[in-house]
Amino acid sequence: MSEPPERSGRPLKEPPAYTKYRARPRLLDRGGDAFGRLRRDGRAPLDQPGRRRRPITWRRALKWVAVGVASWIALSLVLFLVSAQIQRAKVDDAARSALAGGGTPPFTPTTVLFLGSDQRTAGTREPGASTSGPSRSDSILLMRIGGGHNARLSIPRDTVVDIPGHGRSKINAAYAFGGPALAVQTIEHYLGVDVDHLVEVSFGNFPQLIDAMGGVTYQGGCVVSKINGGFKNGGFTLRLKAGKTHIDGKQALALARTRKNLCNPRETDLTRARRQQKIFSAMKHRMLSPFTFIRLPWVAWSAPKAIHSDMGGPSLLGLVSALGVSGSPPTRVLRPDGNVTLPDGGQGLHVSDAEVRRKVQAFLRG
């Protein structure tokens, strides 16, 4: 046997030199390496034994969709509650004191008064139009909602009633005389019904809510009207053909406020009340559509801004929920049986006591 080099005295040979090359990972490689990338065979990196990439299944996809939907709804709820609390401060203390304050929608029966004023927007050139100060209630609607109830009662704005402290006058004048507080007192005295909560429609922000919803689809007869004197006087001119029409916020507001329809001059305040209910039903239908769900955060933020209410965020959310799950009952309207002359010489509508009792009883049962 030959002796090792170190014992034989022969010089040692240096080991050969090797050059190491590392291949650059390809773009479409599904594998990985020890730096955290998955290996080409789909298994975990060498420094992370036991970990495998979980395949995408329909159950996992459905789970993430559910998480996304829940997060979208949660965001919308937060925006709604914050916006509602901000708007709540705009209802004065006198109006709060006049309300009965009972009912917790959607759990218990609650009577809510909806009011809209006829105050004109700034910049109008309509003769005699009021853009600030006292204004009359343009629409008066009572809703009975929650606890299995779902009813609506509309009062024509020209109905002659006794206004506390002001004598006989049209019911819409109560708002001008004493604001929402006197309007609540007048309606309670006239109908014998306690009003639990108040919702004032802000016509200045109402179009923003409709636009946030992407507009609504209205179905009705031909309408041609000039709101605030029409375009020539700084107002708005509305033209709608008979049938279904998709309308935006400004058109919806003009439609709700239309009193004189040039397309049908024989219309009365009863027609106007029914038209407003169609708009409300169109909004409700739009809220339940998938398209609105995509815009839900914007709708949630805009909805409280379109109204002023004594209700805080949770109560107002309960009201909206009750309206959303309830059906669309027909709106009962107090029907006048003639005209009556006011002390100032003006004309108003007379509604018999029997008609008031009959409609109120049906309203409370509904």
Quick one: in the stretch 139-151, which of the residues that are of a type outside the set (S, T, N, Q) and touching a Phe, Trp or Tyr at 6+ places or on another chain (Cβ under 8 Å) is nearest to residue 105 (Cα to Cα)?
-> 146
Any residue at all in the stretch 333-353 that is modelled with pLDDT of 90 or more and assigned to a helix (DSSP H, G or I)?
-> yes
Would the stretch 225-233 turn up any residue that is within 24 Å of the chain's Cα centre (by Cα), surrounded by 21 or more Cβ atoms within 10 Å (Cβ to Cβ) and in a helix (DSSP H, G or I)?
-> no
Count of the stretch 314-332 residues which are modelled with pLDDT of 85 or more and either part of a loop (DSSP other than H, G, I, E, B) or within 15 Å of residue 77 (Cα to Cα) (or both) = 6
Which condition breaks for residue 248 when tested against (1) within 18 Å of residue 138 (Cβ to Cβ); (2) touching a Gly at 6+ places or on another chain (Cβ under 7 Å); (3) open to solvent by 50 Å² or more (accessible area, probe 1.4 Å); (4) in contact (Cβ under 8 Å) with a residue 40 or more places away in the chain?
-> (1)
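In the list 214, 204, which residue meets the criterion of being outside any helix (DSSP H, G or I) and either open to solvent by less than 30 Å² (accessible area, probe 1.4 Å) or of a type in the set (Asp, Glu) (or both)?
So the residue among 214, 204 that is outside any helix (DSSP H, G or I) and either open to solvent by less than 30 Å² (accessible area, probe 1.4 Å) or of a type in the set (Asp, Glu) (or both) is 214.
The rows are residues; the columns are (1) touching a helix residue (DSSP H, G or I) at 6+ places or on another chain (Cβ under 8 Å); (2) under 30 Å from residue 310 (Cα atoms); (3) of a type in the set (Phe, Trp, Tyr).
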| position | (1), (2), (3) |
| --- | --- |
| 151 | yes, yes, no |
| 175 | yes, yes, yes |
| 202 | yes, yes, no |
| 222 | no, no, no |
Is at least one residue of the stretch 179-192 open to solvent by 20 Å² or more (accessible area, probe 1.4 Å) and in a strand (DSSP E or B)?
-> no
What's the number of the condition residue 195 fails, among (1) farther than 24 Å from residue 88 by Cα; (2) in contact with a Leu (Cβ under 7 Å, 6 or more places away or on another chain); (3) modelled with pLDDT of 95 or more?
-> (1)
Checked pairs for the stretch 169-186, first closer than 13 Å to residue 199 by Cα, second buried (at least 22 other Cβ atoms within 10 Å of the Cβ) and among the acidic types (Asp, Glu), C-beta under 8 Å and 6 or more apart or across chains, list as 180/200
In the stretch 97-119, how many are surrounded by fewer than 14 Cβ atoms within 10 Å (Cβ to Cβ) and either part of a helix (DSSP H, G or I) or among the acidic types (Asp, Glu) (or both)?
-> 1
Does any residue of the stretch 306-318 turn out to be among the charged types (D, E, K, R) and more than 19 Å from residue 144 (Cα to Cα)?
-> no
Go through the residues of the stretch 345-354 one by one and say whether even a single one is under 13 Å from the mean Cα position of the chain (by Cα), open to solvent by less than 30 Å² (accessible area, probe 1.4 Å) and either more than 23 Å from residue 255 (Cβ to Cβ) or not aliphatic (A, V, I, L, M) (or both).
-> no
Have a look at 289, 281 and point out the one that is surrounded by fewer than 18 Cβ atoms within 10 Å (Cβ to Cβ), at pLDDT below 90 and within 15 Å of residue 145 (Cβ to Cβ).
-> 281
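Mind telling me which of the residues 69, 65, 78, 82 ends up being under 16 Å from residue 298 (Cα atoms) and open to solvent by 80 Å² or more (accessible area, probe 1.4 Å)?
Numbers: 69 fails: open to solvent by 80 Å² or more (accessible area, probe 1.4 Å); 65 fails: under 16 Å from residue 298 (Cα atoms); 82 fails: open to solvent by 80 Å² or more (accessible area, probe 1.4 Å).
Of the residues listed, the single one that is under 16 Å from residue 298 (Cα atoms) and open to solvent by 80 Å² or more (accessible area, probe 1.4 Å) is 78.
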Could you figure out which of (1) in contact with a Pro (Cβ under 8 Å, 6 or more places away or on another chain); (2) not in a helix (DSSP H, G or I) isn't true of residue 260?
-> (1)
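The values are calculated or read from the model by the stated rules, or taken from the named source; none is laboratory data. Remember, it's a predicted structure, so these values are computed and weren't measured experimentally. Glycine gets a Cβ as well: all are built from the backbone with ideal geometry, and neighbour counts include every protein chain shown. Heads up: the accessible areas ignore ligands, DNA and RNA and are worked out on the full protein's heavy atoms, side chains in. Shrake-Rupley method; radii C 1.70, N 1.55, O 1.52, S 1.80 Å.
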